[in-house]
Structure formats: C-alpha cells, structure tokens
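Reviewing the structure listed below.
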C-alpha cells in the first residue's frame, strides 16, 4: 500500500494511522507542484490528497481511506474490536472530524470561495473560528473521561489531532479546553505520530 500525502494536510492523519498499524506501507510526500503534476493527476485527477494505491486499486477521500486502512490491518483495531457497536463509534467520530470540523476550516483557508468581496475575508475567518470553537467543545467534553474519541484508539484520533494543529496555526481560541489539550499532548508523545511527522518534515 502506498499513501500520497502533503505535509500537515489531512493526509498526514492517514500516515499516522498507517504507522499505528505496524504494517508495511510506503509514503510519497508531495508538495504544491507535484500535486498538480501529470504523474499524480493520473492517480487523482483533482490534484488533492490523500490517495492510496494498493496494487491496481486506487482510492481517494480521507474517510474511505481510513476505513480501508482499518480493514487491511484489522490487528490494529483502528475501527474497534470487530463489533458493530465499536465500528459505529469509530465511524461516528471520524465523521464528526471529516464532515463537521474539517469543512469548518474552509472559510479560514479560502474565504474567497464563500464571498467575492475580499473586505469580508476577516469577518468570514472570525466567524469560522467561533464556529470551530463550538465544535471543539464537543470533542473536549467527549474526552473528559476517556483518552480517545471512540473510547479506544481509532482512526478518528489522528484526524482530530491534525485539525488541532491547524487550529493552532490559524489561532482558533481553544482556551479552557483542558481535555483537548491533554489529548494533543498525548498524541505528540506517541511514537507513531512522531514517525509520521518526521517523515513529512514536520518535526
């Protein structure tokens, strides 16, 4: 299995998940130019990460790739213990990050997609920061009595961690979220997280 990733993008979460499996994989780290190069566009025509190539099988979309990693390396239990309940719990929190948290950053990263008037960009960004603070409140509450979002280490956790790195970079106010801060510290101390960040030049 080969993962295509861009440093610090959501694909880094897939890289961490692969590190956690203990299985064999390759990673090709792309930059803004190689993302749009013909070789990569042949794999993913939209020029976005992540993408996985496993033999003749090509897969895009982060949530789908996380599920594929979990199913390919079931011994890692990234979707739980095999029960329907744990799989659903892992999927619920992956969906929360993928469908709620991640898109909420878009007005910060690309305000022009939401309003043509550049004078409104700062207002859009501030509203997005406030919305993100509210979303992260749910994660902080969830982590009050558990170390992992699903109650066990799952593929949702690396994705949440990567968005917390984004939140730091764009100055989302996460003050008072002690459980979320403790989660981020645990992730940063994790050997698999450190290996993925090092490989992508983020340490």
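Taken together, 76, 63, 70 contain a single residue that is in contact with a helix residue (DSSP H, G or I) (Cβ under 8 Å, 6 or more places away or on another chain), closer than 16 Å to residue 5 by Cα and surrounded by 17 or more Cβ atoms within 10 Å (Cβ to Cβ), which is 63. Note on segment 1-101: enclosed strands (runs of 3 or more DSSP E) holding 1 or more residues that are within 27 Å of residue 180 (Cβ to Cβ) and within 18 Å of the chain's Cα centre (by Cα) are 2-5.
A quick yes/no check of all residues on (1) within 24 Å of residue 85 (Cβ to Cβ); (2) at pLDDT below 95; (3) assigned to a helix (DSSP H, G or I):
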{"site": "115", "(1), (2), (3)": "no, yes, no"}
{"site": "127", "(1), (2), (3)": "no, no, yes"}
{"site": "141", "(1), (2), (3)": "yes, no, yes"}
{"site": "162", "(1), (2), (3)": "no, no, yes"}
{"site": "174", "(1), (2), (3)": "no, no, no"}
{"site": "180", "(1), (2), (3)": "no, no, yes"}
{"site": "187", "(1), (2), (3)": "no, no, yes"}
{"site": "192", "(1), (2), (3)": "no, no, yes"}
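The values are calculated or read from the model by the stated rules, or taken from the named source; none is laboratory data. Owing to the predicted nature of the structure, the values given are computational and were not obtained by experimental measurement. Backbone-built Cβ (ideal geometry, glycine too); neighbour counts: all protein chains shown.
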